[in-house]
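Just below is one structure, and these are the notes that go with it.
The values are calculated or read from the model by the stated rules, or taken from the named source; none is laboratory data. As the structure is a prediction and not an experimental result, all values here were calculated from the model. Please note: Cβ atoms are built from the backbone with ideal geometry, for glycine as well, and neighbour counts cover all protein chains shown.
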(Lines give C-alpha, C1' and ligand atoms only; values in the text may rest on other atoms or scores of the structure.)
Protein backbone atom coordinates (compact mmCIF):
# COMPACT_ATOMS: atom_id res chain seq x y z
CA UNK A 1 0.00 0.00 0.00
CA UNK A 2 1.21 3.49 -0.83
CA UNK A 3 -0.01 6.55 1.04
CA UNK A 4 0.48 10.11 -0.16
CA UNK A 5 0.00 12.70 2.55
CA UNK A 6 -0.57 16.39 1.88
CA UNK A 7 1.67 16.63 -1.21
CA UNK A 8 2.41 20.17 -2.40
CA UNK A 9 4.61 21.01 -5.37
CA UNK A 10 5.32 24.25 -7.21
CA UNK A 11 7.66 25.08 -10.07
CA UNK A 12 8.93 28.68 -10.27
CA UNK A 13 6.01 29.88 -8.18
CA UNK A 14 3.40 28.02 -10.23
CA UNK A 15 1.43 25.66 -8.02
CA UNK A 16 1.14 22.22 -9.63
CA UNK A 17 -0.03 20.09 -6.72
CA UNK A 18 -1.84 21.34 -3.64
CA UNK A 19 -2.54 19.14 -0.64
CA UNK A 20 -2.94 15.79 -2.36
CA UNK A 21 -3.90 12.94 -0.04
CA UNK A 22 -4.70 9.41 -1.06
CA UNK A 23 -4.07 5.72 -0.71
CA UNK A 24 -3.07 3.30 -3.44
CA UNK A 25 -4.15 -0.15 -2.40
CA UNK A 26 -2.28 -3.43 -2.70
CA UNK A 27 -3.51 -5.89 -5.33
CA UNK A 28 -5.46 -3.15 -7.09
CA UNK A 29 -4.93 -1.14 -10.24
CA UNK A 30 -4.93 2.41 -8.93
CA UNK A 31 -5.44 5.11 -11.54
CA UNK A 32 -4.53 8.78 -11.43
CA UNK A 33 -6.62 10.53 -14.05
CA UNK A 34 -7.20 14.08 -15.19
CA UNK A 35 -6.79 16.39 -18.13
CA UNK A 36 -3.38 17.32 -19.50
CA UNK A 37 -1.45 19.68 -17.23
CA UNK A 38 -3.32 18.83 -14.03
CA UNK A 39 -0.25 17.46 -12.26
CA UNK A 40 -0.72 13.69 -12.76
CA UNK A 41 2.81 13.01 -13.92
CA UNK A 42 4.28 15.34 -11.30
CA UNK A 43 2.37 13.45 -8.61
CA UNK A 44 3.70 10.17 -9.99
CA UNK A 45 7.24 11.59 -10.00
CA UNK A 46 6.78 12.70 -6.38
CA UNK A 47 5.64 9.19 -5.51
CA UNK A 48 8.60 7.44 -7.15
CA UNK A 49 11.09 10.03 -5.89
CA UNK A 50 12.06 11.67 -9.17
CA UNK A 51 10.67 14.97 -7.88
CA UNK A 52 10.90 16.01 -4.24
CA UNK A 53 7.64 17.51 -2.94
CA UNK A 54 7.73 20.94 -1.28
CA UNK A 55 5.52 19.61 1.49
CA UNK A 56 4.01 16.27 2.46
CA UNK A 57 5.35 12.76 2.25
CA UNK A 58 4.92 9.38 0.60
CA UNK A 59 4.78 6.17 2.61
CA UNK A 60 5.43 2.74 1.12
CA UNK A 61 3.86 0.22 3.48
CA UNK A 62 4.58 2.63 6.33
CA UNK A 63 8.16 3.41 5.21
CA UNK A 64 8.79 7.14 4.78
CA UNK A 65 10.16 7.43 1.24
CA UNK A 66 10.30 11.23 1.15
CA UNK A 67 12.22 11.99 4.33
CA UNK A 68 13.54 8.54 5.23
CA UNK A 69 17.28 7.86 5.18
CA UNK A 70 19.06 6.71 2.03
CA UNK A 71 18.96 3.07 3.12
CA UNK A 72 15.16 3.12 3.24
CA UNK A 73 14.96 4.94 -0.07
CA UNK A 74 17.28 2.48 -1.80
CA UNK A 75 15.36 -0.44 -0.27
CA UNK A 76 12.03 0.94 -1.52
CA UNK A 77 13.43 1.84 -4.93
CA UNK A 78 14.56 -1.71 -5.47
CA UNK A 79 10.97 -2.86 -4.93
CA UNK A 80 9.69 -0.51 -7.64
CA UNK A 81 9.10 -1.30 -11.29
CA UNK A 82 8.15 1.47 -13.67
CA UNK A 83 6.89 1.72 -17.21
CA UNK A 84 7.66 5.15 -18.65
CA UNK A 85 5.54 7.07 -21.12
CA UNK A 86 8.32 6.91 -23.73
CA UNK A 87 9.33 3.39 -22.59
CA UNK A 88 12.84 4.58 -21.58
CA UNK A 89 14.44 1.47 -23.04
CA UNK A 90 18.22 1.71 -23.29
CA UNK A 91 19.01 2.32 -26.98
CA UNK A 92 22.40 0.65 -26.82
CA UNK A 93 21.05 -2.61 -25.38
CA UNK A 94 18.93 -5.25 -27.08
CA UNK A 95 15.59 -6.46 -25.70
CA UNK A 96 17.18 -9.21 -23.60
CA UNK A 97 19.81 -6.88 -22.15
CA UNK A 98 17.18 -4.25 -21.40
CA UNK A 99 15.02 -6.69 -19.46
CA UNK A 100 18.04 -8.25 -17.75
CA UNK A 101 19.47 -4.88 -16.76
CA UNK A 102 17.93 -4.60 -13.25
CA UNK A 103 19.10 -8.15 -12.48
CA UNK A 104 22.60 -7.39 -13.79
CA UNK A 105 23.06 -4.28 -11.72
CA UNK A 106 21.02 -4.96 -8.61
CA UNK A 107 21.47 -8.70 -8.01
CA UNK A 108 24.16 -11.34 -8.02
CA UNK A 109 21.95 -13.90 -9.76
CA UNK A 110 23.87 -16.42 -11.94
CA UNK A 111 23.73 -15.72 -15.67
CA UNK A 112 21.58 -18.77 -16.60
CA UNK A 113 19.03 -17.97 -13.89
CA UNK A 114 18.86 -14.37 -15.11
CA UNK A 115 18.28 -15.58 -18.65
CA UNK A 116 15.50 -17.93 -17.49
CA UNK A 117 13.85 -15.07 -15.63
CA UNK A 118 14.13 -12.74 -18.63
CA UNK A 119 12.62 -15.34 -20.95
CA UNK A 120 9.82 -15.97 -18.46
CA UNK A 121 9.01 -12.25 -18.24
CA UNK A 122 9.15 -11.79 -22.00
CA UNK A 123 6.80 -14.73 -22.48
CA UNK A 124 4.56 -13.36 -19.75
CA UNK A 125 4.10 -10.12 -21.68
CA UNK A 126 3.54 -12.03 -24.91
CA UNK A 127 6.93 -11.53 -26.50
CA UNK A 128 8.98 -14.45 -27.67
CA UNK A 129 11.96 -14.68 -30.02
CA UNK A 130 12.71 -10.98 -29.90
CA UNK A 131 15.56 -11.25 -27.37
CA UNK A 132 18.26 -10.07 -29.73
CA UNK A 133 16.30 -7.26 -31.40
CA UNK A 134 17.25 -3.67 -30.67
CA UNK A 135 14.56 -1.26 -29.38
CA UNK A 136 14.70 0.59 -32.71
CA UNK A 137 13.69 -2.62 -34.51
CA UNK A 138 10.43 -3.28 -32.65
CA UNK A 139 6.99 -1.61 -32.73
CA UNK A 140 5.56 0.81 -30.15
CA UNK A 141 3.35 -1.86 -28.60
CA UNK A 142 6.28 -4.27 -28.35
CA UNK A 143 8.38 -1.56 -26.69
CA UNK A 144 5.65 -1.13 -24.07
CA UNK A 145 5.69 -4.87 -23.45
CA UNK A 146 9.47 -4.87 -23.12
CA UNK A 147 9.11 -1.94 -20.69
CA UNK A 148 6.60 -3.96 -18.64
CA UNK A 149 8.86 -7.04 -18.74
CA UNK A 150 11.76 -4.93 -17.45
CA UNK A 151 9.52 -3.43 -14.76
CA UNK A 152 8.46 -6.83 -13.41
CA UNK A 153 11.72 -8.76 -13.87
CA UNK A 154 12.89 -7.96 -10.35
CA UNK A 155 9.59 -9.08 -8.73
CA UNK A 156 8.54 -5.57 -7.68
CA UNK A 157 6.04 -4.86 -4.94
CA UNK A 158 5.03 -1.63 -6.62
CA UNK A 159 4.41 -1.07 -10.32
CA UNK A 160 4.06 2.40 -11.82
CA UNK A 161 2.92 3.10 -15.35
CA UNK A 162 3.01 6.59 -16.86
CA UNK A 163 0.54 6.84 -19.75
CA UNK A 164 1.03 3.17 -20.69
CA UNK A 165 -1.08 3.30 -23.83
CA UNK A 166 -0.16 6.68 -25.23
CA UNK A 167 0.67 6.48 -28.92
CA UNK A 168 -0.86 3.01 -29.33
CA UNK A 169 -3.80 1.94 -31.44
CA UNK A 170 -7.00 1.15 -29.45
CA UNK A 171 -6.61 -2.65 -29.66
CA UNK A 172 -2.99 -2.67 -28.56
CA UNK A 173 -3.84 -0.15 -25.84
CA UNK A 174 -6.49 -2.47 -24.42
CA UNK A 175 -4.05 -5.40 -24.55
CA UNK A 176 -1.48 -3.39 -22.59
CA UNK A 177 -4.13 -2.32 -20.05
CA UNK A 178 -5.25 -5.90 -19.58
CA UNK A 179 -1.67 -7.06 -19.20
CA UNK A 180 -1.10 -4.52 -16.42
CA UNK A 181 -4.31 -5.65 -14.72
CA UNK A 182 -3.40 -9.33 -15.02
CA UNK A 183 0.07 -8.78 -13.60
CA UNK A 184 -1.38 -6.78 -10.70
CA UNK A 185 -3.87 -9.53 -9.86
CA UNK A 186 -1.35 -12.33 -10.37
CA UNK A 187 1.45 -10.93 -8.19
CA UNK A 188 -0.77 -8.97 -5.76
CA UNK A 189 1.30 -5.83 -6.24
CA UNK A 190 0.36 -2.20 -5.80
CA UNK A 191 -0.04 -0.72 -9.26
CA UNK A 192 -0.40 2.98 -9.99
CA UNK A 193 -1.27 4.05 -13.52
CA UNK A 194 -1.34 7.64 -14.76
CA UNK A 195 -3.67 8.02 -17.70
CA UNK A 196 -6.22 10.25 -19.36
CA UNK A 197 -7.59 7.45 -21.50
CA UNK A 198 -11.22 6.64 -20.63
CA UNK A 199 -10.87 3.14 -22.09
CA UNK A 200 -8.23 2.41 -19.46
CA UNK A 201 -10.41 3.92 -16.76
CA UNK A 202 -13.33 1.66 -17.63
CA UNK A 203 -11.20 -1.44 -18.26
CA UNK A 204 -8.84 -1.52 -15.30
CA UNK A 205 -9.74 1.25 -12.82
CA UNK A 206 -10.17 -0.51 -9.46
CA UNK A 207 -9.40 2.65 -7.54
CA UNK A 208 -9.39 6.00 -9.33
CA UNK A 209 -8.09 9.39 -8.20
CA UNK A 210 -9.24 12.38 -10.28
CA UNK A 211 -6.99 15.44 -10.31
CA UNK A 212 -8.08 18.86 -11.49
CA UNK A 213 -5.78 21.91 -11.46
CA UNK A 214 -3.53 20.37 -8.83
CA UNK A 215 -6.32 19.29 -6.50
CA UNK A 216 -7.86 15.89 -5.88
CA UNK A 217 -11.54 16.30 -6.65
CA UNK A 218 -12.79 12.73 -6.57
CA UNK A 219 -11.84 9.17 -5.65
CA UNK A 220 -13.74 5.98 -6.42
CA UNK A 221 -13.94 2.96 -8.72
CA UNK A 222 -14.82 2.55 -12.40
CA UNK A 223 -18.31 1.41 -11.38
CA UNK A 224 -18.96 4.71 -9.60
CA UNK A 225 -17.36 7.10 -12.08
CA UNK A 226 -20.34 7.26 -14.47
CA UNK A 227 -22.70 8.32 -11.69
CA UNK A 228 -20.59 11.09 -10.19
CA UNK A 229 -21.97 14.58 -9.73
CA UNK A 230 -18.60 16.33 -9.74
CA UNK A 231 -18.87 18.69 -12.71
CA UNK A 232 -15.17 18.70 -13.63
CA UNK A 233 -15.08 14.90 -13.59
CA UNK A 234 -18.23 14.68 -15.71
CA UNK A 235 -16.67 17.10 -18.19
CA UNK A 236 -13.59 14.87 -18.33
CA UNK A 237 -15.43 11.54 -18.53
CA UNK A 238 -18.07 12.56 -21.03
CA UNK A 239 -15.79 14.64 -23.27
CA UNK A 240 -16.19 12.23 -26.17
CA UNK A 241 -19.31 11.09 -28.00
CA UNK A 242 -18.85 7.39 -27.20
CA UNK A 243 -19.02 8.07 -23.46
CA UNK A 244 -22.00 10.37 -24.01
CA UNK A 245 -23.80 7.50 -25.75
CA UNK A 246 -22.99 5.14 -22.87
CA UNK A 247 -24.52 7.66 -20.49
CA UNK A 248 -27.52 7.80 -22.74
CA UNK B 1 29.28 30.71 -9.69
CA UNK B 2 25.99 28.85 -9.47
CA UNK B 3 26.98 26.59 -12.36
CA UNK B 4 30.36 25.96 -10.75
CA UNK B 5 28.66 24.96 -7.50
CA UNK B 6 26.26 22.69 -9.36
CA UNK B 7 29.22 21.16 -11.24
CA UNK B 8 31.06 20.44 -7.97
CA UNK B 9 27.94 18.84 -6.45
CA UNK B 10 27.63 16.78 -9.63
CA UNK B 11 31.25 15.59 -9.30
CA UNK B 12 30.63 14.69 -5.65
CA UNK B 13 27.54 12.69 -6.63
CA UNK B 14 29.73 10.37 -8.74
CA UNK B 15 31.35 8.99 -5.63
CA UNK B 16 28.28 8.34 -3.46
CA UNK B 17 25.87 5.41 -3.63
CA UNK B 18 28.07 3.59 -6.16
CA UNK B 19 27.30 0.18 -7.59
CA UNK B 20 29.60 -2.81 -7.18
CA UNK B 21 33.12 -2.65 -8.63
CA UNK B 22 32.20 -5.54 -10.95
CA UNK B 23 29.50 -3.39 -12.56
CA UNK B 24 31.95 -0.65 -13.45
CA UNK B 25 34.67 -2.85 -14.96
CA UNK B 26 32.80 -3.76 -18.13
CA UNK B 27 31.46 -0.21 -18.47
CA UNK B 28 34.98 1.23 -18.21
CA UNK B 29 36.21 -1.17 -20.91
CA UNK B 30 33.33 -0.17 -23.20
CA UNK B 31 34.07 3.51 -22.63
CA UNK B 32 37.81 2.97 -23.23
CA UNK B 33 36.93 1.63 -26.67
CA UNK B 34 34.52 4.49 -27.41
CA UNK B 35 36.74 7.25 -26.07
CA UNK B 36 40.19 5.87 -26.88
CA UNK B 37 40.20 3.29 -29.63
CA UNK B 38 37.54 5.06 -31.72
CA UNK B 39 39.56 8.28 -31.55
CA UNK B 40 42.81 6.78 -32.82
CA UNK B 41 42.08 7.58 -36.47
CA UNK B 42 41.29 11.27 -35.98
CA UNK B 43 44.22 11.68 -33.57
CA UNK B 44 46.57 10.00 -36.05
CA UNK B 45 45.48 12.22 -38.94
CA UNK B 46 45.56 15.46 -36.94
CA UNK B 47 48.88 14.70 -35.23
CA UNK B 48 50.71 13.62 -38.39
CA UNK B 49 49.62 16.66 -40.36
CA UNK B 50 50.25 18.94 -37.39
CA UNK B 51 53.86 17.71 -37.16
CA UNK B 52 54.37 17.98 -40.90
CA UNK B 53 52.95 21.49 -41.13
CA UNK B 54 54.86 22.69 -38.05
CA UNK B 55 58.10 21.44 -39.60
CA UNK B 56 57.42 23.25 -42.87
CA UNK B 57 56.32 26.47 -41.16
CA UNK B 58 59.34 26.47 -38.84
CA UNK B 59 61.70 25.82 -41.76
CA UNK B 60 60.04 28.62 -43.72
CA UNK B 61 60.55 31.09 -40.87
CA UNK B 62 64.10 30.09 -39.92
CA UNK B 63 65.84 31.32 -43.05
CA UNK B 64 69.05 32.68 -41.47
CA UNK B 65 72.16 30.69 -42.39
CA UNK B 66 73.40 31.32 -38.82
CA UNK B 67 70.70 29.03 -37.42
CA UNK B 68 71.54 25.35 -37.80
CA UNK B 69 68.84 23.26 -39.48
CA UNK B 70 68.50 20.82 -36.55
CA UNK B 71 66.85 23.70 -34.64
CA UNK B 72 63.77 23.07 -36.80
CA UNK B 73 63.20 19.61 -35.34
CA UNK B 74 64.08 20.89 -31.87
CA UNK B 75 61.31 23.48 -32.22
CA UNK B 76 58.92 20.84 -33.60
CA UNK B 77 59.80 18.50 -30.72
CA UNK B 78 59.20 21.05 -27.97
CA UNK B 79 56.08 22.47 -29.56
CA UNK B 80 54.68 19.00 -30.03
CA UNK B 81 55.44 17.71 -26.56
CA UNK B 82 54.52 20.87 -24.68
CA UNK B 83 51.51 22.14 -26.60
CA UNK B 84 50.42 20.47 -29.80
CA UNK B 85 50.09 16.89 -28.58
CA UNK B 86 48.40 17.51 -25.24
CA UNK B 87 46.48 20.74 -25.87
CA UNK B 88 45.50 20.74 -29.53
CA UNK B 89 44.67 17.04 -29.49
CA UNK B 90 42.56 17.60 -26.36
CA UNK B 91 40.68 20.38 -28.13
CA UNK B 92 40.08 18.07 -31.09
CA UNK B 93 38.90 15.37 -28.68
CA UNK B 94 36.69 17.85 -26.85
CA UNK B 95 34.88 18.19 -30.17
CA UNK B 96 34.67 14.48 -30.85
CA UNK B 97 34.36 12.85 -27.43
CA UNK B 98 32.87 15.79 -25.51
CA UNK B 99 29.99 16.29 -27.91
CA UNK B 100 29.42 12.53 -27.96
CA UNK B 101 29.22 12.33 -24.16
CA UNK B 102 26.92 15.36 -23.89
CA UNK B 103 24.71 14.14 -26.74
CA UNK B 104 24.44 10.63 -25.32
CA UNK B 105 23.58 11.76 -21.79
CA UNK B 106 21.28 14.52 -23.05
CA UNK B 107 19.33 12.03 -25.14
CA UNK B 108 19.16 9.63 -22.22
CA UNK B 109 17.82 12.46 -20.08
CA UNK B 110 15.07 13.59 -22.45
CA UNK B 111 13.99 10.01 -23.22
CA UNK B 112 13.68 9.27 -19.47
CA UNK B 113 16.43 6.63 -19.51
CA UNK B 114 18.19 8.46 -16.66
CA UNK B 115 14.91 8.58 -14.72
CA UNK B 116 14.55 4.83 -15.30
CA UNK B 117 17.95 4.25 -13.67
CA UNK B 118 17.02 6.47 -10.72
CA UNK B 119 13.71 4.68 -10.20
CA UNK B 120 15.58 1.35 -10.12
CA UNK B 121 17.64 2.72 -7.24
CA UNK B 122 20.79 3.20 -9.28
CA UNK B 123 22.84 6.38 -8.86
CA UNK B 124 22.55 7.41 -12.50
CA UNK B 125 25.35 9.98 -12.44
CA UNK B 126 27.78 7.51 -10.92
CA UNK B 127 26.67 4.65 -13.16
CA UNK B 128 26.80 6.66 -16.39
CA UNK B 129 29.50 9.25 -15.82
CA UNK B 130 32.09 7.65 -13.53
CA UNK B 131 33.14 5.03 -16.15
CA UNK B 132 33.46 7.76 -18.79
CA UNK B 133 35.77 9.82 -16.59
CA UNK B 134 37.90 6.81 -15.59
CA UNK B 135 38.14 5.68 -19.23
CA UNK B 136 39.16 9.20 -20.26
CA UNK B 137 41.83 9.32 -17.56
CA UNK B 138 43.22 6.01 -18.85
CA UNK B 139 42.99 6.66 -22.59
CA UNK B 140 43.81 10.37 -23.03
CA UNK B 141 47.41 10.20 -21.81
CA UNK B 142 47.92 7.26 -24.20
CA UNK B 143 46.44 9.30 -27.04
CA UNK B 144 48.68 12.24 -26.13
CA UNK B 145 51.79 10.02 -26.30
CA UNK B 146 50.56 8.51 -29.56
CA UNK B 147 49.87 11.99 -30.99
CA UNK B 148 53.29 13.24 -29.89
CA UNK B 149 55.03 10.33 -31.57
CA UNK B 150 53.06 10.70 -34.81
CA UNK B 151 53.48 14.47 -34.89
CA UNK B 152 57.25 14.19 -34.63
CA UNK B 153 57.23 11.35 -37.14
CA UNK B 154 55.06 13.42 -39.49
CA UNK B 155 57.67 16.17 -39.30
CA UNK B 156 60.40 13.65 -40.06
CA UNK B 157 58.54 12.32 -43.09
CA UNK B 158 57.90 15.77 -44.53
CA UNK B 159 61.55 16.67 -43.95
CA UNK B 160 62.62 13.71 -46.03
CA UNK B 161 60.03 14.37 -48.72
CA UNK B 162 60.70 18.10 -49.08
CA UNK B 163 64.34 18.14 -48.01
CA UNK B 164 63.92 21.13 -45.65
CA UNK B 165 66.02 19.26 -43.08
CA UNK B 166 68.11 16.17 -43.57
CA UNK B 167 67.08 13.02 -41.73
CA UNK B 168 70.29 13.10 -39.69
CA UNK B 169 69.79 16.75 -38.63
CA UNK B 170 66.16 16.11 -37.78
CA UNK B 171 67.04 13.25 -35.43
CA UNK B 172 69.95 15.23 -34.01
CA UNK B 173 67.61 18.13 -33.25
CA UNK B 174 65.14 15.81 -31.57
CA UNK B 175 67.82 14.57 -29.20
CA UNK B 176 69.49 17.94 -28.64
CA UNK B 177 69.03 19.24 -25.06
CA UNK B 178 66.04 17.01 -24.54
CA UNK B 179 64.27 17.60 -21.22
CA UNK B 180 62.58 14.40 -20.04
CA UNK B 181 60.24 16.26 -17.71
CA UNK B 182 58.48 17.73 -20.75
CA UNK B 183 57.03 14.30 -21.50
CA UNK B 184 55.82 13.98 -17.91
CA UNK B 185 54.36 17.46 -18.24
CA UNK B 186 52.49 16.45 -21.41
CA UNK B 187 51.07 13.38 -19.65
CA UNK B 188 49.99 15.49 -16.65
CA UNK B 189 48.25 17.82 -19.08
CA UNK B 190 46.58 14.85 -20.75
CA UNK B 191 45.24 13.63 -17.40
CA UNK B 192 43.93 17.06 -16.36
CA UNK B 193 42.39 17.81 -19.75
CA UNK B 194 40.76 14.38 -19.93
CA UNK B 195 39.07 14.94 -16.59
CA UNK B 196 37.85 18.37 -17.68
CA UNK B 197 36.49 17.19 -21.03
CA UNK B 198 34.71 14.13 -19.66
CA UNK B 199 33.28 15.79 -16.56
CA UNK B 200 32.20 19.08 -18.17
CA UNK B 201 30.61 17.31 -21.16
CA UNK B 202 28.85 14.86 -18.87
CA UNK B 203 27.63 17.72 -16.68
CA UNK B 204 26.21 19.57 -19.68
CA UNK B 205 24.52 16.46 -21.05
CA UNK B 206 23.24 15.15 -17.73
CA UNK B 207 21.28 18.30 -16.93
CA UNK B 208 19.72 18.74 -20.38
CA UNK B 209 16.10 19.86 -20.17
CA UNK B 210 13.77 19.90 -23.17
CA UNK B 211 14.02 18.11 -26.48
CA UNK B 212 16.25 17.47 -29.46
CA UNK B 213 17.09 21.17 -29.82
CA UNK B 214 18.37 21.33 -26.26
CA UNK B 215 20.45 18.16 -26.75
CA UNK B 216 22.15 19.89 -29.68
CA UNK B 217 22.73 22.99 -27.55
CA UNK B 218 24.12 20.89 -24.70
CA UNK B 219 26.60 19.27 -27.10
CA UNK B 220 27.72 22.66 -28.40
CA UNK B 221 27.99 24.07 -24.87
CA UNK B 222 29.96 21.02 -23.80
CA UNK B 223 32.54 21.58 -26.53
CA UNK B 224 32.74 25.34 -25.89
CA UNK B 225 33.07 24.99 -22.12
CA UNK B 226 35.57 22.13 -22.42
CA UNK B 227 37.77 24.14 -24.79
CA UNK B 228 37.73 27.17 -22.49
CA UNK B 229 38.50 24.97 -19.47
CA UNK B 230 41.37 23.29 -21.36
CA UNK B 231 42.94 26.64 -22.28
CA UNK B 232 42.60 28.00 -18.73
CA UNK B 233 44.01 24.78 -17.26
CA UNK B 234 46.83 24.90 -19.82
CA UNK B 235 47.84 28.34 -18.56
CA UNK B 236 47.59 27.33 -14.89
CA UNK B 237 49.62 24.14 -15.46
CA UNK B 238 52.27 26.04 -17.42
CA UNK B 239 52.58 28.52 -14.55
CA UNK B 240 52.68 25.81 -11.90
CA UNK B 241 54.94 23.27 -13.56
CA UNK B 242 57.36 25.18 -15.75
CA UNK B 243 57.12 28.64 -14.19
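Where residues in the range A:61-96 are surrounded by 15 or more Cβ atoms within 10 Å (Cβ to Cβ) and more than 12 Å from chain B (Cβ to nearest Cβ), which of them is nearest to residue A:164 (Cα to Cα)?
Restricting to residues being surrounded by 15 or more Cβ atoms within 10 Å (Cβ to Cβ) and more than 12 Å from chain B (Cβ to nearest Cβ), the top hit is A:95.
Checking the structure you have, find out if any residue of the range B:143-163 is touching a helix residue (DSSP H, G or I) at 6+ places or on another chain (Cβ under 6 Å), farther than 19 Å from residue B:47 by Cα and either away from chain A (no Cβ under 14 Å) or part of a helix (DSSP H, G or I) (or both).
Checking the range B:143-163: not a single residue is touching a helix residue (DSSP H, G or I) at 6+ places or on another chain (Cβ under 6 Å), farther than 19 Å from residue B:47 by Cα and either away from chain A (no Cβ under 14 Å) or part of a helix (DSSP H, G or I) (or both).
Here are some residues: A:223, A:177, A:235. Which one is at pLDDT 85 or above and in the same structural domain as residue A:21 (by TED's automatic domain parsing)?
Selected residue: A:177, the only one of A:223, A:177, A:235 that is at pLDDT 85 or above and in the same structural domain as residue A:21 (by TED's automatic domain parsing).
Only one of A:103, A:89 is closer than 15 Å to residue B:122 by Cβ and touching a helix residue (DSSP H, G or I) at 6+ places or on another chain (Cβ under 7 Å); which?
Numbers: A:89 fails: closer than 15 Å to residue B:122 by Cβ.
Sole residue among the options that is closer than 15 Å to residue B:122 by Cβ and touching a helix residue (DSSP H, G or I) at 6+ places or on another chain (Cβ under 7 Å): A:103.
Are there helices (runs of 4 or more DSSP H) fully within the range B:26-118 with at least 2 residues that are within 14 Å of another protein chain (Cβ to nearest Cβ)? List them.
Fully inside the range B:26-118 and qualifying: B:99-110.
Among the residues of the range B:89-109, which ones are surrounded by fewer than 24 Cβ atoms within 10 Å (Cβ to Cβ) and within 8 Å of the chain's Cα centre (by Cα)?
B:91, B:92
Within the range A:161-187, count every residue that is within 13 Å of chain B (Cβ to nearest Cβ) and over 16 Å from the mean Cα position of the chain (by Cα).
Number of matching residues: 0.
Is the range A:169-185 home to any residue that is surrounded by 19 or more Cβ atoms within 10 Å (Cβ to Cβ), under 30 Å from residue A:8 (Cβ atoms) and out of contact with any helix residue (DSSP H, G or I) (no Cβ under 7 Å at 6 or more places or on another chain)?
Within the range A:169-185, one or more residues are surrounded by 19 or more Cβ atoms within 10 Å (Cβ to Cβ), under 30 Å from residue A:8 (Cβ atoms) and out of contact with any helix residue (DSSP H, G or I) (no Cβ under 7 Å at 6 or more places or on another chain).
Of the residues B:18, B:22, which is within 14 Å of chain A (Cβ to nearest Cβ) and in contact with a helix residue (DSSP H, G or I) (Cβ under 7 Å, 6 or more places away or on another chain)? Before the answer, list the steps.
On the way: B:22 fails: in contact with a helix residue (DSSP H, G or I) (Cβ under 7 Å, 6 or more places away or on another chain).
Every option except B:18 fails the conditions.
Go through the range A:132-248 and tell me which strands (runs of 3 or more DSSP E), entirely inside it, have 1 or more residues that are out of contact with any strand residue (DSSP E or B) (no Cβ under 7 Å at 6 or more places or on another chain), on the phi > 0 side of the Ramachandran plot and in contact (Cβ under 8 Å) with a residue 40 or more places away in the chain.
none
May I ask you to verify whether residue A:122 is crowded, with 20+ Cβ neighbours inside 10 Å, assigned to a loop (DSSP other than H, G, I, E, B) and more than 14 Å from every other protein chain (Cβ to nearest Cβ)?
When the stated conditions are applied, residue A:122 does not pass them.
Based on this model, can you work out whether residue A:158 counts as within 14 Å of chain B (Cβ to nearest Cβ) and under 28 Å from residue A:118 (Cα atoms)? Reasoning before the result, please.
On the way: within 14 Å of chain B (Cβ to nearest Cβ): yes; under 28 Å from residue A:118 (Cα atoms): yes.
When the stated conditions are applied, residue A:158 passes them.
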